[in-house]
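Here the structure is laid out as structure tokens; the discussion comes afterwards.
The values are calculated or read from the model by the stated rules, or taken from the named source; none is laboratory data. What you see is a predicted model; the values in this text were computed from it and never measured. Neighbour counts run over all protein chains shown; Cβ positions are idealised from the backbone, glycine included.
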Amino acid sequence: MCGIVGAVAQRDITPILVEGLKRLEYRGYDSCGVAVYADGELKRTRSTSRVAELEALIEKEHLGGYTGIAHTRWATHGEPATHNAHPHFSKDRTGHNRIGIVHNGIIENHDELRTELEAAGYVFESQTDTEVIAHLINHVYDGDLLLAVQQTVKRLQGAYAIAAFCRDEPHRVVGARHGSPLIVGLGDGENFLASDAMALTGTTDRIVYLEDGDVVDLQLSRTWIVDIDGNPVERPVRVVMAYTAAAELGPYRHYMQKEIFEQPRAIGDTLQGVEAITPELFGEGAAAILEDIDSVLILACGTSYYAGLTAKYWIESIASITCNVEIASEYRYRTSVPNPRSLVVTISQSGETADTLAALKHARSLGMDKTLTICNVATSAMVRECSLAFLTRAGVEIGVASTKAFSTQLIGLYLLTLTLAKLKGRLNAEQEADAIKALRHLPVAVQSVLALEPQIISWAEEFVRKEHALFLGRGMHYPIALEGALKLKEISYIHAEAYPAGELKHGPLALVTDQMPVITVAPQDQLLQKLKSNMQEVRARGGQLYVFADAGSNIRNEVGVHVIRMPEHYGSLSPILHVVPMQLLAYHTACARGTDVDKPRNLAKSVTVE
């Protein structure tokens, strides 16, 4: 989602700001901009195009300075337009720019603040909630930017990460965070702010992660962190070797394709060191926590939510423990019945998903303090907030549509299932050995599925002219159908919905025609015969079936039935194999339709607003 970069240095920091924005492009954005202090003024350049176009404008306008802030914006308040792009300015009484600001998050009381500031004579140039912050800082400013920001954030309701600078204090940037990530990068005689350590790759590897309520003062020779009341606080300095978003594509056309094909390696890396099923896989003290639970509550959003739905089938059937899965953005706003003995599991690729973090805090406020996260970023807020953590090793995922992060989340959830089963006496030594053997072979099995790409491309050529699609699955493969539909709609813009196959006759069958492809997940499991009956319902209405069928399922190519043969059934781990062709189908359909695969419209990678 939105990205922040800021710097105070004794050199032109414009190239650093622009490079930082480039490294944050993978998060998704609608506009971008840079503002610097130059020649006694605050100057800016903004664009609704890509960062490369912004860079060209900066060169054309010869914009440069020693202090500045930059931003990529994902629109919430106000359309994606130049006047709504960050950075935003607030002027002094003479009409000259005095305060500049960039902001991630959403200010919930911005209407109230806007009315107050307009009454005080401030003129708004945008529809954003961010501009109220700039004017409010300006309104209370009395020569000390740190104090002005402290006073301002006390008035803000909602989530924010901000970076502000002032014409009257040209070698100073002040940042603050609440509910949205912000980090400090330490240099020699220069210091930096960013929403993601990746933005500072190649500039500094000494990183300070700010906590909620922190306000940071960046100057040339020092950084100073205080809480909202001005009390000094200490935050550890960490050496972080961040991945760069400028990784080579190699033979691949898009990052999404590259990441799909990285799944065997990502799964293998995630399983590295797993020699036995043990609570210690989830952190120190995990045994005491996991032995004391009687249920599991999974909180997640989007693709991670579908990983949680898959885990529900595993946890209840293998570990015999009740498992509930909640959409994080809904859970915190409904009245629920808390269970202090429930294990609260959050799932997030970035570990910064605002809805999931808020749901976690809500669960803890209800007395549910046994917490675990499945996450891809060791330094994320989610990891810091939870008692236990399982870190996937997917590596940086640049494509907005998640692929390898999803499959490695499933690995973490499957290991949790086995651990709970073992603690409950439902996993004997032989079963444990068989499970580890199957996990070890999984990268090879996924590689064999990737070899189906040429056949999937031929299907994609048929899908390119479609505008609607249905996905069907049963049992633990129903969430995989959901994920397949999500991938297709995310990047190809084809309307797609998924249903448990048994629900077809309860409504969705009305949509089936020869123009409505029906994609079916058909593993050779105990529900296969039931699924075949549901497929016949589609055929009887002239529908076109596209079936990913396990070897031995006896589903054949015939009129109205198109089959791609999967490898042998892989038992409980079958969902991890069956999601791969869904990813490839969405990818190649999107390519055939000419969409921006890695940066689909209106979407963002790391959703750090509610």
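What number of residues within region 53-90 satisfy the criterion of being touching a Cys at 6+ places or on another chain (Cβ under 6 Å) and without any contact (Cβ under 8 Å) to a residue 60 or more places away in the chain?
The total comes to 1.
Among (1) of a type in the set (A, V, I, L, M); (2) out of contact with any strand residue (DSSP E or B) (no Cβ under 8 Å at 6 or more places or on another chain); (3) surrounded by fewer than 24 Cβ atoms within 10 Å (Cβ to Cβ), where does Ala394 come up short?
Against the list (1) of a type in the set (A, V, I, L, M); (2) out of contact with any strand residue (DSSP E or B) (no Cβ under 8 Å at 6 or more places or on another chain); (3) surrounded by fewer than 24 Cβ atoms within 10 Å (Cβ to Cβ), Ala394 comes up short only on (3).
Yes/no per residue for (1) of a type in the set (Asp, Glu); (2) outside any helix (DSSP H, G or I); (3) more than 26 Å from Ser407 (Cβ to Cβ):
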site: Ser304; (1), (2), (3): no, no, no
site: Ala307; (1), (2), (3): no, no, no
site: Lys312; (1), (2), (3): no, no, no
site: Ile318; (1), (2), (3): no, no, no
site: Val325; (1), (2), (3): no, yes, no
site: Tyr333; (1), (2), (3): no, yes, yes
site: Val344; (1), (2), (3): no, yes, no
site: Ile347; (1), (2), (3): no, yes, no
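With respect to Thr67, is the statement that it is over 28 Å from the mean Cα position of the chain (by Cα), crowded, with 19+ Cβ neighbours inside 10 Å and at negative phi true?
For Thr67, the condition - over 28 Å from the mean Cα position of the chain (by Cα), crowded, with 19+ Cβ neighbours inside 10 Å and at negative phi - is met.
Hey, could you check region 566-597 for residues that are in contact with an Asp or Glu (Cβ under 6 Å, 6 or more places away or on another chain) and outside any helix (DSSP H, G or I) and say which is farthest from Leu415 (Cα to Cα)?
For region 566-597, the residue satisfying everything is Met566.
Could you tell me which residue of region 201-234 is nearest to Tyr66 (Cα to Cα), considering only residues that are hydrophobic (A, V, I, L, M, F, W, C) and in contact (Cβ under 8 Å) with a residue 60 or more places away in the chain?
My answer is Leu220.
Out of region 201-226, which residues are of a type outside the set (Ser, Thr, Tyr) and either modelled with pLDDT under 90 or under 30 Å from Phe261 (Cβ atoms) (or both)?
Across region 201-226, the qualifying residues are Gly202, Asp205, Glu211, Asp212.
When you check Pro517 against the structure, is it touching a residue at least 24 places away in the same chain (Cβ under 8 Å) and touching a helix residue (DSSP H, G or I) at 6+ places or on another chain (Cβ under 6 Å), yes or no?
In short, no.
Examine region 542-565 for a residue that is aliphatic (A, V, I, L, M), under 30 Å from Gly158 (Cα atoms) and not assigned by TED's automatic domain parsing to the domain that holds Ser49, and state whether such a residue exists.
For region 542-565, residues aliphatic (A, V, I, L, M), under 30 Å from Gly158 (Cα atoms) and not assigned by TED's automatic domain parsing to the domain that holds Ser49: absent.
How many residues are out of contact with any Lys or Arg (no Cβ under 8 Å at 6 or more places or on another chain) and farther than 28 Å from Tyr313 by Cα when one looks only at region 523-563?
Count: 11.
Tell me which residues, restricted to region 13-54, are assigned to a loop (DSSP other than H, G, I, E, B) and acidic (Asp, Glu).
Once the filter is applied, which keeps residues that are assigned to a loop (DSSP other than H, G, I, E, B) and acidic (Asp, Glu), region 13-54 yields Asp30, Asp39.
Rundown of residues vs (1) among the aromatic types (Phe, Trp, Tyr); (2) within 28 Å of Gln157 (Cα to Cα); (3) surrounded by fewer than 24 Cβ atoms within 10 Å (Cβ to Cβ), yes/no style:
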position: Gly175; (1), (2), (3): no, yes, no
position: Pro181; (1), (2), (3): no, yes, no
position: Gly185; (1), (2), (3): no, yes, no
position: Ala194; (1), (2), (3): no, yes, no
position: Leu200; (1), (2), (3): no, no, no
position: Val208; (1), (2), (3): no, yes, yes
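I need a count of the residues in region 555-591 that are at pLDDT below 95 and of a type in the set (A, V, I, L, M).
The qualifying residues number 6.
Please go through region 327-378 and pick out each residue that is among the polar types (S, T, N, Q) and surrounded by fewer than 18 Cβ atoms within 10 Å (Cβ to Cβ).
Thr335, Ser336, Ser365
Of all residues being hydroxyl-bearing (Ser, Thr, Tyr) and buried (at least 24 other Cβ atoms within 10 Å of the Cβ) in region 552-596, which is nearest to Glu462 (Cα to Cα)? Just the residue, please.
Ranking the candidates gives Thr589 first.
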